[in-house]
Amino acid sequence: MSDTTTGGAVATRLDLPFAAGEAASGPLTWAQSVMWGPLRWFGKEANQFNIGRTLVLATPVPPDRLLAALRTLIEDHQTLRTHYVESAGQPRQQVAAAGTYEVTVVDDGGDPARVGADLTQELTEAAFDHDTEWPLRVGGVVDAVGRVTGLALVGSHLAFDGWSFGTLVDLLLDRLDGNGDGTPTRESPAPQPLEQAAYQSSEAGRQQSERGLRHWAQGLATAPASMFDVPRAPTGDHPIERHLLDSAAVTAAAVTLAARTRTSFSTVLLGLTTVILTAYNGHDTCVLKLITGNRLDRRSRDLIALNTLDALLTCTVSDVDLLTAIRQVHRPAFDAYRRAQCDPAGVHRVVTETGRRRGVSFDLSAYFNNGHRGNDWAPTGPAPGPAQLADLRRASEYTRLDPLTRSDMTFMVAASNPGDGRCRLGLLVDTAYLPAPAGETIVRGIETLLCDAVTEEIRVSEVAARIGLTPARRGADWVRTDTGWVRPDDVADLVRRAADGATATVVTDRDPTGGAHLTAYVADPSLSPGTLHRRVLDLLPGQTGVAAPTEYVICAAAPRTGSGPAAWRDAPVAARGSGRPA
């Protein structure tokens, strides 16, 4: 035990030793693999992923009881005694047989909620060092006689998702509230992440992954390359804006619409997200990554470990009424969630291969995350009327959080349950693609559409005007293809780079379906369509508003007179073709 200073107050460090049999190690689970990359990419800024909870205990407990309850949890669940390390170039989870936690304890000053929140904030500030640090930080606040009155818990997102962190909190509170010594009682051993990793490497796990990968391949075969094939705008040093809206009106309206459409709270919010996003970017197909918890059976629900994966949603958004649009997204969303469990390395392969086959580099940076548990909200009476919804909306609280310097997301809508019957809507937007005012417009617009749809019919084509959203503006030099919107001049620049600066142009023709057919003319007879196409594909990653041309025409020389389409069409041809494998 030692004393230090934290937040201006003296903090006591209590040692919490544990021992749980033999050490073990294994590969990361699929979910851990998905999170490993972003955490390494963000480095010190990965603290934004930390999960924190402040708890005020209904009945204070002695410190020994807290330590005993924590010890049983640590020994019972591998996640709490795991380091995540890189070995021979591969990330692995290493489960310790024994070790010691440090629990930070401070005086509650008569206000355990405030002091606990301050301690949680302090414990959240630093990113986790997964090589050496346990993935859970624990703090306690004590009263004048030394009893624990509150807790500060902070977990790494490599170890926990919202569901498992909530389960951990529930288990800890249950053991603190009980009359025993904190020893768990269960009919079977707790499910463990090493067991899950072993299953995912088995034949059954590989078959499950293949079913998921087929879903990704089918969806990407027709999906737009990006939801943000729009002109990029200049930004400041902190281009990523974040918005929150705490709203009981959202809860009341979404519950009502879920009942009317016979869908779910999540589907209602997802449906509105798709219609708003397509209203902004001018698409009629929406492609989103759905962050899914995969808690589909008792063992997965009891698993204290990160279990979230990205599911792929592709859905058509047509000009129907809003309730019909919600119903139409329900089945595609169900299929996406059902097929989310697959190897992320396989997903990367499918995304890359499908993109190269279609001549694009996919930008799948638009997300939806429903973080509340399925039974958080349920109908409690008749549908609210306009006056009741108006009263609830007046109590809504909007917050603009501090912006970020970077994110691997361009757009994300998230829903969670902060309590008191409210829904917390979060929105992240990259202002390079959505102008700064659009963030608040969208998060408030979701509330507006929900409430209005309870009492009147709204068509999808009305959405942008109703919420005051200005659709993205593209110049006349942009055209629509079967992969999304592209700017032919930018495609021509890409072709010239691929051809090492050779004279080139891109000519646009309309195909029978009304889309654009792009033909690249290049004056370099040393090239072949296949070679040029492969070079173009290699330059596509990170580009938006570009795609590989439909066809390449290799000219023996540039036109002698003029540089327009007619002159290039009359130029002598050395070779032509799509460049794609036969």
**Request:** Go through the stretch 269-285 and give me each residue that's under 21 Å from Thr308 (Cβ atoms) and touching a residue at least 60 places away in the same chain (Cβ under 8 Å).
**Result:** Leu269, Leu270, Thr273
**Item:** Check on Ala498, touching a helix residue (DSSP H, G or I) at 6+ places or on another chain (Cβ under 7 Å) and closer than 27 Å to Tyr433 by Cβ
**Value:** yes
**Message:** Looking at Ile458, Ile446 in this structure, which one is closer than 30 Å to Val255 by Cα, surrounded by 21 or more Cβ atoms within 10 Å (Cβ to Cβ) and not assigned by TED's automatic domain parsing to the domain that holds Gly37?
**Reply:** Ile446
**Message:** Among the residues of the stretch 464-471, are any farther than 18 Å from Asn281 by Cβ and at pLDDT 95 or above?
**Reply:** no
**Message:** Criterion first (closer than 26 Å to Arg406 by Cα and modelled with pLDDT of 95 or more) does Tyr101 satisfy it?
**Reply:** no
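Residues checked against (1) at pLDDT 95 or above; (2) assigned to a loop (DSSP other than H, G, I, E, B):
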| site | (1), (2) |
| --- | --- |
| Val495 | yes, no |
| Asp509 | no, no |
| Gly514 | no, yes |
| His517 | no, no |
| His533 | yes, no |
| Val553 | yes, no |
**Hey, Leu537 closer than 14 Å to Ala498 by Cβ and either acidic (Asp, Glu) or touching a Lys or Arg at 6+ places or on another chain (Cβ under 6 Å) (or both) or not** = yes
**Prompt:** Restricting attention to the stretch 152-191, and to residues there that are at pLDDT below 70 and among the acidic types (Asp, Glu), which single residue is nearest to Gln48 (Cα to Cα)?
**Reply:** Asp181
**Asked** Is the stretch 311-326 home to any residue that is crowded, with 21+ Cβ neighbours inside 10 Å, over 22 Å from Met409 (Cβ atoms), touching a Ser or Thr at 6+ places or on another chain (Cβ under 7 Å) and not aromatic (Phe, Trp, Tyr)?
**Response** yes
**Prompt:** Within the group Leu434, Leu469, Leu449, Leu427, which residue is out of contact with any Leu (no Cβ under 6 Å at 6 or more places or on another chain), under 14 Å from Val275 (Cβ atoms) and touching a residue at least 24 places away in the same chain (Cβ under 8 Å)?
**Reply:** Leu469
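A quick yes/no check of all residues on (1) touching a residue at least 24 places away in the same chain (Cβ under 8 Å); (2) in the same structural domain as Tyr398 (by TED's automatic domain parsing); (3) not charged (D, E, K, R):
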| site | (1), (2), (3) |
| --- | --- |
| Val454 | yes, yes, yes |
| Ala492 | yes, no, yes |
| Ala498 | yes, no, yes |
| Gly501 | no, no, yes |
| His517 | yes, no, yes |
**Request:** Count, please, the residues in the stretch 10-59 that happen to be free of Cβ contacts under 8 Å to residues at least 60 places away in the same chain and basic (Lys, Arg).
**Result:** 1
**Any helices (runs of 4 or more DSSP H) falling wholly within the stretch 367-486 and containing at least 2 residues that are under 27 Å from Leu313 (Cα atoms)** = 436-455, 463-467
**Message:** Tell me the residue from Ala11, Ala68, Ala31 that is touching a Ser or Thr at 6+ places or on another chain (Cβ under 6 Å), in a helix (DSSP H, G or I) and buried (at least 17 other Cβ atoms within 10 Å of the Cβ), please.
**Reply:** Ala31
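The values are calculated or read from the model by the stated rules, or taken from the named source; none is laboratory data. Nothing here was measured: the structure is a model prediction, and the numbers come from that model. We place every Cβ from the backbone using ideal geometry, glycine too, and count neighbours over all the protein chains shown.
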